[in-house]
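Trainee: I have a structure I would like to understand better, so I am pasting it below and will then ask my questions one at a time.
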Amino acid sequence: MGSEKRARRALLILGLVLLFLFLLSFSLGRYGVPPLTVVKILAARFVELFAGKGALQRTWTEQMEIAVVNIRLPRIVMACLVGCALSAAGAAFQGVFHNPMASPDILGASSGAAFGAALAILLGASARGITLSAFGFGIITVGLVMLVARRAPGARLINLILAGIMLSSLFSAGTSYIKLVADPSNQLPQITYWLMGSLSGTRLGDIPLAFLPMAVGLVPLFLLRWQLNLLSLGESEAKALGVNTGRVRLILLLSATLVTAASVSFSGMIGWVGLVVPHLCRKVLGSDHRYLMPGSFLCGAAFLLLVDDVSRNLLPVEIPIGILTALVGAPFFLYLITRKEEKL
Amino acid sequence: MSLTVENLSFSYGRHAVLQGVSFAAQAGELLAILGPNGVGKTTLFKCVMGLARRYTGTIRADGVDLAALSPRERAHRVAAIPQAHPLSFRYSAFDMVLMGTSHGLSPFAVPGEREKTAARDAMARVNIAPLADRPFDHLSGGEQQLVFIARALCQQAKILLMDEPTASLDYGNRLLVLGVARDLSRAGYTVLLSTHDPQHALWYADRALALHEGKVLAQGATREVVVPDVLQQLYGRPFALLETEQGPVLVPKEGN
């Protein structure tokens, strides 16, 4: 069909845009590094992985290499990972709940993670401790939501959403209480800053830790993309078409939760990405999850990378990325939903 | 493939919807299911589709108990054609049809060339090949029904369930969809079709099943079931059956 060819081409273009942004982002920053040098530094590092140190001659300064590899690389990769994960989770939740307004925090993963982070900061935990606590509480919250929904009679999907709203507000109340009792001179600003979302604290060692749970979640989200089409028709129709709805839905929800909790625990609360990016992709690629899911991967990574570049370069003082995604996301979303509908 | 329902009962809580319903439908047969709203027609279909599981009695397809089957195995045997309904997301007509091939795939796979060919063939079979690239929600109600029928065909199940397929259609489209249903039964499918219009049963069905208060009131050849006596019990109104050269016509008797 013609639409398939068009979607494939759009995916290819998205991939190229992401690659371009990825390389460009290394050049952006107060310490200027020419794009060609960036490519050389990265290539040298890559070659050295196999050939050992000093295999290539260095034509750049030590500072350039530190800026590119130790400071910018972790942050750029994390922006891509978090953007990819949040958008994929958003697309998955929207499909599973067959509701285009669903976002990754619908089951309370973000609120739980926020509570976990605030609690860890209150208890004086290290950066790694905060991340772990956020991740753990994100997962626990969704687990509780699923348990509550399982016990309630009636439609499972509605129960999940209601339980998610309920537990989200419970954990938000907990977070507010922690803010109240936190030390206002150092803990409270740290909590507030965490809640706004930022990638500025990312270190090289964080990347594998974030990548592992995200990969574990993103692989099933990608593989089950055709099942998402069926699930989005509604429970009974999907079942009649031969889908084991309970099992497939559970895998999708767990995977989406895993990647959401992993992103939130490393980046803090970054809103709007999971809602806006799948919508943007739907306008370009159509609703078919075969293309929407990989499209959301690529577009989400590119979107968050771009926003993070703005966040660290626009003003002398860095703007927390969560503020920027809302600033860009909300009006953009308004534009998307008010724009006259065009054909597929 | 034959569908045999024996002593089927189902309740929502204390409210008994179906009580001891038994019937059979054979390959090549269009069975019309008649009855007023809330009599359990939809529940009956849900039981056959495995959506309502807590029933007593047995439902068999060619002797295989459907209750023991997974959704995937069931989808090999039974296909449902829903009423036209709005979708949350926009899919093309072709993609909707293609979804009928899913039960033959691993859950982690996407449809390949073989599935796409099956979907194209199914669309051609009900003469909607030109609609392939159109968004499903831009189609008329009748066209949407034909898309659902094409989807059921590429599901390759031999038992077709049509729950009031004509409910939201205009007159021309009703006759079109019913005609397709009859053609499919002639081609060897076992078609169960619930309808609010006994006249449709007279025109298109081989046999009819009248449900009244969750029980079978009458079943058999359509001409034996769709008679004024049965209809009065079903709908609480008197009817007359006029024999014309073009077949029997039902008319309501007003004013008595």
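The values are calculated or read from the model by the stated rules, or taken from the named source; none is laboratory data. This structure is a prediction, so every number in the text was calculated from the model and none was measured. Here Cβ is always computed from backbone atoms with ideal geometry, including for glycine, and neighbour counts include all displayed protein chains.
Trainee: Report, by residue number, each residue of segment B:231-256 that is loosely packed, with under 15 Cβ neighbours inside 10 Å and either under 20 Å from B:Gly38 (Cβ atoms) or in contact (Cβ under 8 Å) with a residue 40 or more places away in the chain (or both).
Mentor: B:Gln232, B:Gln233, B:Gly236, B:Arg237, B:Gly247, B:Val249
Trainee: Could you list all residues from segment A:1-40 that are closer than 18 Å to A:Ser311 by Cα and part of a helix (DSSP H, G or I)?
Mentor: Those that are closer than 18 Å to A:Ser311 by Cα and part of a helix (DSSP H, G or I): A:Leu18, A:Leu21, A:Phe22, A:Leu23, A:Leu24, A:Ser25, A:Phe26, A:Ser27.
Trainee: Tell me which helices (runs of 4 or more DSSP H) are completely within segment A:150-265 and hold 3 or more residues being more than 22 Å from A:Pro100 (Cβ to Cβ) and in contact (Cβ under 8 Å) with a residue 40 or more places away in the chain, or say none if there are none.
Mentor: Helices (runs of 4 or more DSSP H) meeting the threshold: A:156-181, A:187-196, A:206-223.
Trainee: Still on this structure: Give the residue that is surrounded by the most Cβ atoms within 10 Å (Cβ to Cβ), with candidates limited to residues of segment B:219-230 that are out of contact with any helix residue (DSSP H, G or I) (no Cβ under 6 Å at 6 or more places or on another chain) and part of a helix (DSSP H, G or I).
Mentor: B:Val225
Trainee: List pairs: first in segment B:75-97 and within 13 Å of A:Lys239 (Cα to Cα), second of a type in the set (S, T, N, Q) and in a strand (DSSP E or B), Cβ under 7 Å, 6+ apart or cross-chain?
Mentor: none
Trainee: For B:Asp95, all conditions in the list (1) surrounded by fewer than 23 Cβ atoms within 10 Å (Cβ to Cβ); (2) touching an Asp or Glu at 6+ places or on another chain (Cβ under 9 Å); (3) of a type in the set (D, E, K, R) hold save one; what is the number of the exception?
Mentor: Among (1) surrounded by fewer than 23 Cβ atoms within 10 Å (Cβ to Cβ); (2) touching an Asp or Glu at 6+ places or on another chain (Cβ under 9 Å); (3) of a type in the set (D, E, K, R), the lone unmet condition for B:Asp95 is (1).
Trainee: Let me ask something else. Counting just the residues of segment B:75-86 that are out of contact with any strand residue (DSSP E or B) (no Cβ under 8 Å at 6 or more places or on another chain) and more than 7 Å from every other protein chain (Cβ to nearest Cβ), which one comes out surrounded by the most Cβ atoms within 10 Å (Cβ to Cβ)? I'd like the intermediate steps shown before the answer.
Mentor: Step one: filter segment B:75-86 for residues out of contact with any strand residue (DSSP E or B) (no Cβ under 8 Å at 6 or more places or on another chain), giving B:75-76, B:84-86.
Add one more test, that the residue is more than 7 Å from every other protein chain (Cβ to nearest Cβ), and what stays is B:76, B:84-86.
Details: B:His76: 17, B:Ala84: 20, B:His85: 11, B:Pro86: 7.
Taking the candidates together, the pick is B:Ala84.
Trainee: Quick one: which of B:Val147, B:Val191 is under 15 Å from the mean Cα position of the chain (by Cα), β-branched (Val, Ile, Thr) and either in a strand (DSSP E or B) or at positive phi (or both)?
Mentor: Selected residue: B:Val191, the only one of B:Val147, B:Val191 that is under 15 Å from the mean Cα position of the chain (by Cα), β-branched (Val, Ile, Thr) and either in a strand (DSSP E or B) or at positive phi (or both).
Trainee: Which of the residues spanning segment A:137-146 are closer than 22 Å to A:Ser236 by Cα and without any contact (Cβ under 8 Å) to a residue 24 or more places away in the chain?
Mentor: If the condition is that a residue be closer than 22 Å to A:Ser236 by Cα and without any contact (Cβ under 8 Å) to a residue 24 or more places away in the chain, then no residue fits.
Trainee: Checking the condition at negative phi and buried (at least 16 other Cβ atoms within 10 Å of the Cβ), which residue from A:Ile158, A:Ile121, A:Ile165 passes?
Mentor: Being at negative phi and buried (at least 16 other Cβ atoms within 10 Å of the Cβ) holds for just one of A:Ile158, A:Ile121, A:Ile165, which is A:Ile121.
Trainee: Do we have A:Leu230 as modelled with pLDDT of 95 or more and either in contact with a Phe, Trp or Tyr (Cβ under 7 Å, 6 or more places away or on another chain) or facing chain B (nearest Cβ under 7 Å) (or both) here?
Mentor: It is true that A:Leu230 is modelled with pLDDT of 95 or more and either in contact with a Phe, Trp or Tyr (Cβ under 7 Å, 6 or more places away or on another chain) or facing chain B (nearest Cβ under 7 Å) (or both).
Trainee: So is A:Cys80 assigned to a helix (DSSP H, G or I), of a type outside the set (Ser, Thr, Tyr), in contact with a Gly (Cβ under 6 Å, 6 or more places away or on another chain) and modelled with pLDDT of 90 or more or not?
Mentor: Answer is no for this residue.
Trainee: Which condition from (1) within 14 Å of chain B (Cβ to nearest Cβ); (2) of a type outside the set (Asp, Glu); (3) surrounded by fewer than 21 Cβ atoms within 10 Å (Cβ to Cβ) is the one that A:Val39 breaks?
Mentor: The single condition A:Val39 does not satisfy is (1).
Trainee: Could you check segment A:70-126 and list, in sequence order, the residues that are in contact with an Asp or Glu (Cβ under 8 Å, 6 or more places away or on another chain) and closer than 23 Å to A:Leu144 by Cβ?
Mentor: A:Ser111
Trainee: Is one or more of the residues making up segment A:2-20 among the small types (Gly, Ala, Ser), touching a Ser or Thr at 6+ places or on another chain (Cβ under 8 Å) and in contact (Cβ under 8 Å) with a residue 24 or more places away in the chain?
Mentor: Step one: filter segment A:2-20 for residues among the small types (Gly, Ala, Ser), giving A:2-3, A:7, A:10, A:15.
Next, only the ones that are touching a Ser or Thr at 6+ places or on another chain (Cβ under 8 Å) stay: A:3.
Next, from what is left, pick out any that are in contact (Cβ under 8 Å) with a residue 24 or more places away in the chain: A:3.
Within segment A:2-20, one or more residues are among the small types (Gly, Ala, Ser), touching a Ser or Thr at 6+ places or on another chain (Cβ under 8 Å) and in contact (Cβ under 8 Å) with a residue 24 or more places away in the chain.
Trainee: For B:Ala52, state whether it is within 14 Å of another protein chain (Cβ to nearest Cβ), touching a residue at least 60 places away in the same chain (Cβ under 8 Å), of a type outside the set (Ser, Thr, Tyr) and crowded, with 17+ Cβ neighbours inside 10 Å.
Mentor: no
Trainee: Now a separate question. Considering only residues that are at the interface with another protein chain (Cβ under 7 Å from one of its Cβ atoms) and closer than 21 Å to B:Gln144 by Cα, which ones fall in segment B:88-122?
Mentor: B:Ser88, B:Phe89, B:Arg90, B:Tyr91, B:Ser92, B:Phe94, B:Asp95, B:Met99, B:Gly100, B:Ser102
Trainee: While we're on this one: If A:Asn99 meets every condition in (1) buried (at least 18 other Cβ atoms within 10 Å of the Cβ); (2) at negative phi; (3) assigned to a loop (DSSP other than H, G, I, E, B) apart from one, which number is that one?
Mentor: Failing condition for A:Asn99: (1).
Residues are listed down the side, and each one gets a yes or a no for (1) buried (at least 24 other Cβ atoms within 10 Å of the Cβ); (2) within 15 Å of the chain's Cα centre (by Cα); (3) touching a residue at least 40 places away in the same chain (Cβ under 8 Å); (4) on the phi > 0 side of the Ramachandran plot:
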residue: A:Gly90; (1), (2), (3), (4): yes, yes, yes, no
residue: A:Gly95; (1), (2), (3), (4): yes, no, yes, no
residue: A:Ile106; (1), (2), (3), (4): yes, yes, yes, no
residue: A:Ala117; (1), (2), (3), (4): yes, no, yes, no
residue: A:Ala127; (1), (2), (3), (4): no, no, yes, no
residue: A:Ala134; (1), (2), (3), (4): yes, yes, yes, no
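Trainee: Right, another one. Take segment A:234-254 and flag every residue that is closer than 16 Å to A:Ala91 by Cβ and within 7 Å of chain B (Cβ to nearest Cβ).
Mentor: Residue satisfying the conditions is A:Val248 alone.
Per-residue answers, yes or no, for (1) of a type in the set (Phe, Trp, Tyr); (2) more than 14 Å from chain B (Cβ to nearest Cβ); (3) within 14 Å of A:Trp194 (Cα to Cα):
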| position | (1), (2), (3) |
| --- | --- |
| A:Ala92 | no, no, no |
| A:Val96 | no, no, no |
| A:Pro104 | no, yes, no |
| A:Ser126 | no, yes, yes |
| A:Met146 | no, yes, no |
| A:Gly154 | no, no, no |
| A:Leu157 | no, no, no |
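Trainee: Further question: Of the conditions (1) crowded, with 18+ Cβ neighbours inside 10 Å; (2) of a type outside the set (Phe, Trp, Tyr); (3) under 28 Å from the mean Cα position of the chain (by Cα); (4) part of a helix (DSSP H, G or I), A:Met64 fails just one. Which one is it?
Mentor: Failed condition: (3).
Trainee: How about segment B:1-119: which helices (runs of 4 or more DSSP H) wholly inside it have at least 3 residues that are over 18 Å from the mean Cα position of the chain (by Cα), modelled with pLDDT of 95 or more and not β-branched (Val, Ile, Thr)?
Mentor: In segment B:1-119, B:93-98 are the helices (runs of 4 or more DSSP H) which contain 3 or more residues that are over 18 Å from the mean Cα position of the chain (by Cα), modelled with pLDDT of 95 or more and not β-branched (Val, Ile, Thr).
Trainee: Has segment A:248-269 got any residue that is surrounded by 20 or more Cβ atoms within 10 Å (Cβ to Cβ), over 28 Å from A:Gly15 (Cβ atoms) and among the basic types (Lys, Arg)?
Mentor: Checked segment A:248-269: at least one residue is surrounded by 20 or more Cβ atoms within 10 Å (Cβ to Cβ), over 28 Å from A:Gly15 (Cβ atoms) and among the basic types (Lys, Arg).
Trainee: Out of everything in segment B:123-179 that is of a type in the set (Asp, Glu), more than 14 Å from chain A (Cβ to nearest Cβ) and over 30 Å from B:Gly63 (Cβ atoms), what residue ends up being surrounded by the most Cβ atoms within 10 Å (Cβ to Cβ)?
Mentor: B:Glu143
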